[in-house]
Amino acid sequence: MDKQLKELAIDLFEINAVKFGDFVTKVGLKTPVYVDLRMIIAYPKILRKISKILWALAEDDKDVDQICGVPYTALPIASVISVESDIPMLIRRKEAKAYGTKKLIEGSFKQGDTCVIIEDVVTSGSSILETVRDLQNEGLNVTKALVIMDRQQGGRKNIENSGIQMQSLYTLSQLMDYLLEAKKVTAETVQTVTTYLSENVAPVKTLEDESAPKRLKLDFAERSKLAINPLAAKLLNLMSQKETMLCLAADLTSAQDIIDLTEIAGPHIAVLKIHVDIIEDFNQTFIQKLKQLSEKHRFLIMEDRKFGDIGNTVSLQYEKGLYKIAEWADLITAHPVPGAGILDGLKNALKNISGDRGVFLITEMSSQGALTRENYIKESLALSKDSDLITGHVCQSNIFSDPGLIQLTPGVKLAKASDALGQQYNTPEVVVSAGADLAVVGRGITESPDKISSILKYKTQLWAAYKNRISS
């Protein structure tokens, strides 16, 4: 292989995939040498050669079920390896789709499949660790990464400290030695790179630093101790004690129908979610009965008001008017569109309320074509870091790390489906593996001819998926 690596080093130099000058790496380090392997897609022979040599590091591919290239440069390399080895390939998106299935991992796989990661260049190792995290969240077994270039700046240590074996075709020093031997670079250039490597190490990063594992692996009782919002702590404990993750969306227009349904569901749910402004015969007696049932069966009441105005307006909407939501709703939902002012307004409405209250920020929606993505999501997550009013986030995927916050996921049915108005449904197993702590079920129960049977099915399946999540 040594001869092949020498020839390949020359090939890479001659197509300008190895550059010398003043550059900045992905992790922000200045560097006198830059290895740009994106160039190889223009040279099929070199692409085929580098893929073949890299896959030889796998030694025995009999136990490999999947191959995953780190986006984006390693994708064509992984594609060639997949075709030549006849092993299926996965693609990890840099962000989940904002439409359709909203998948982060594309491909056909099952839990427990062994996956080998393909990467072009490693500096800090962060891209590999992020990929490992997302693959493991889907239940894949990842223990090995095959890399073309190890820049020798701490990445190998970071990756191996996270339990992933890394094998590389080159270290940067080896590449420079091959190029010097071929008289493609001078001894002075090699010395410059050697000095640079001795003085520059990438930031330390391990898999445990990433967002997914900690929150998804801790049980609810442990997480309750880490919650800043008192109602989040109460809800996590309640779910643990009642062994339920079920949030019943009682989107009914009759007060008595809601009461009747709650009498049946109360012992089996963690939260009852209503839309008070669609109830045609709303009155305070209805609220009193609902509170009595809440205390009797130990569940919380959520008004899915989706507040979304300026601070002063939401303060009045929350506290005043016909519904006086602040007086009886343990939890509410709010859009983060107005910014931090909406939380100030909601908090102002609670100045005369003695009980604990909580807010779920609508960070990601389940409807087709929803605009809640990318920067919007980041800004919404940032709001929760500075407020003790936030119980959690309404979202479809594991997008935050704080174990003291709760992921509330709507759009849950026993079978994957969609409706005529753009709502998309996923199964209990899918939403829990994607991070859901509290799952919203509406029509799957309210339109069922046997409501108690449906309630128990959802409760049982959700809890089984949660137990599998924290134990796997």
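Just so you know, all these numbers are worked out from the coordinates, no wet-lab data involved. For clarity, every value in this text was computed on a predicted model and none was experimentally measured. When we count neighbours, we look across all protein chains shown, and the Cβ atoms used for this are built from the backbone with ideal geometry, even at glycine.
For the stretch 2-209, with only Lys/Arg (+1) and Asp/Glu (-1) charged at the beta-carbon, what is the dipole magnitude about the Cα centre, in debye rounded to 20?
Around 520 debye, computed over the stretch 2-209.
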Once you order the gyration tensor axes a ≥ b ≥ c over the Cα atoms, which shape class does the stretch 212-471 get: rounded for a/c under 1.5, otherwise prolate or oblate by comparing a/b with b/c? rounded
Find out how many positive minus negative residues lie around Asn200, taking Lys and Arg as positive, Asp and Glu as negative, among other residues whose Cβ is under 11 Å from that of Asn200. +1
What span do the alpha-carbon atoms of the stretch 2-209 cover on each of the three principal axes, reported in whole Å from largest to smallest? 52, 36, 32
Loop sites only, by DSSP: take the GluC sites (Glu not before Pro) in the chain that have at most 12 other C-beta atoms within 10 Å and name the longest stretch containing none of them. 96-279
In degrees rounded to 10, the 0-90 angle between helix 187-199 Cα long axis and the longest Cα principal axis of the chain is 30
Write down the Å³ per residue value for the convex hull defined by the alpha carbon atoms of the stretch 43-152. 109
Which value at 222 nm does the chain reach when only helices count, each DSSP H run of 4 or more adding -39,500 (n - 2.57), with the total divided by all residues and rounded to the nearest 500 deg cm²/dmol? -12000 deg cm²/dmol
How are the Cα pair distances of the stretch 422-471 distributed, in percent, across 5 Å bins from 0? 4, 21, 29, 22, 15, 7, 1
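Please compute the Kirkwood hydrodynamic radius of the chain from all pairs of different C-alpha atoms, in Å with one decimal. Write down the numbers at each step before the final one.
Working: mean 1/r = 0.0403 Å⁻¹.
About 24.8 Å for the chain.
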Any chance you could get the radius of gyration and Dmax over the Cα atoms of the stretch 147-273, in Å? 28.2, 86
Radius of gyration and Dmax for the stretch 266-378's Cα atoms, expressed in Å? 14.8, 43
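Just subtract the alpha-carbon distance of Arg93 and Lys467 from 0.36 nm times their residue separation and send over the number in nm, one decimal.
Contour length minus the Cα-Cα distance gives 131.9 nm.
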Pairs Lys62/Lys144; Lys3/Lys157; Lys214/Lys273: which exceed 25 Å Cα-Cα? Lys3/Lys157; Lys214/Lys273
